[in-house]
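Here the structure comes first, spelled out in structure tokens, and everything after it is commentary.
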Amino acid sequence: MPPTPGKTDREAILQAHHAYLSAMLEGDTASLDDLLDDGFTLTHMTGYVQPKAEWLAEMRAGQFIYHAIDEVDTSLEVGGDGTARLTVRTMTDATVYGSRADWRLLLTTDYGPCGDTWSPLQTVATTW
């Protein structure tokens, strides 16, 4: 059985989360490609499960532009089995397929360990 997760795991996950959001805001798809697990998927509000490569390609094409992401509430559960789930309610100002809007998003991201850091494995976006 893996050791009980400590504060360092929580700090590493939150650091990875903030790097993820920062890269989204900067449109930095190269950093996102490095940060996200190779098998990463983003499930949109519509239920569409988008593979990492497709989402990043659409970001590069200007289909997803993130102007602001304000965290309203954050909850983190770190399991003793090497898993973690971060749930964040955000107010997100984004242009999606040409339409700009403010979105009340509930982002649930599963993280897994990757060397001495944690990588997002999947994010599911719903509204709140």
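The values are calculated or read from the model by the stated rules, or taken from the named source; none is laboratory data. Please read all numbers here as calculations on a predicted model, not as lab measurements. All Cβ positions, glycine included, derive from the backbone under ideal geometry; neighbour counts span all protein chains shown. What goes into the accessible areas is simple: the full protein's heavy atoms, side chains included, and nothing from ligands, DNA or RNA. Shrake-Rupley method; radii C 1.70, N 1.55, O 1.52, S 1.80 Å.
Evaluating 6.51 cos²θ - 1.76 cosθ + 1.60 at θ = phi - 60° for every residue in segment 38-55, the Karplus couplings come out as 4, x, 4, 10, 10, 9, 7, 4, 6, x, 5, 9, 9, x, 3, 4, 5, 4 Hz, glycine and proline recorded as x. Relative to the current alpha-carbon distance between ALA57 and ALA101, full extension at 0.36 nm per residue lengthens the span by 13.7 nm. Structural descriptor for the chain: relative contact order 26 percent, calculated from alpha carbon pairs under 8 angstrom and at least 6 residues apart.
Entry comment: accessible area of the chain is 55 Å² per residue, from protein heavy atoms only and a probe of 1.4 Å.
Stokes-Einstein diffusion of the chain at 37 °C, 0.692 mPa s viscosity, Kirkwood radius from Cα pairs, rounded to a whole number: 220 µm²/s. Would you please give the residues with an amide H less than 5 Å from that of THR117, counting only those at least 5 places away or on a separate chain, with H modeled from the backbone geometry? Counting only residues 5 or more places away or on other chains, the set is empty. Using θ = phi - 60° in the Karplus curve 6.51 cos²θ - 1.76 cosθ + 1.60, the 3J(HN,Hα) couplings for segment 16-30 round to 4, 4, 5, 5, 4, 5, 4, 5, 4, 5, 7, x, 8, 5, 5 Hz; x is entered for Gly and Pro.
Dipole magnitude of the chain about its Cα centre, charges +1 at Lys/Arg Cβ and -1 at Asp/Glu Cβ only, in debye to the nearest 20? Intermediate values should be presented prior to the final figure.
Details: 8 positive and 19 negative charges, 61 e Å.
Around 300 debye, computed over the chain.
Note on ALA68 and TYR48: the model spin-label points, each 7 Å out from Cα along the C-beta direction, lie 2.7 nm apart.
How large a share of the accessible area of segment 6-74, in percent, is made up of carbon and sulfur atoms when the probe is 1.4 Å and the other protein chains stay in place? Walk me through the intermediate numbers first.
Values: 1850 of 3720 Å².
Carbon and sulfur: 50 percent of the exposed surface of segment 6-74.
Computed from phi, the 3J(HN,Hα) profile of segment 76-84 under the Karplus parametrisation 6.51, -1.76, 1.60 (θ = phi - 60°) reads 10, 10, 10, x, x, 9, x, 10, 8 Hz, with x in place of Gly and Pro.
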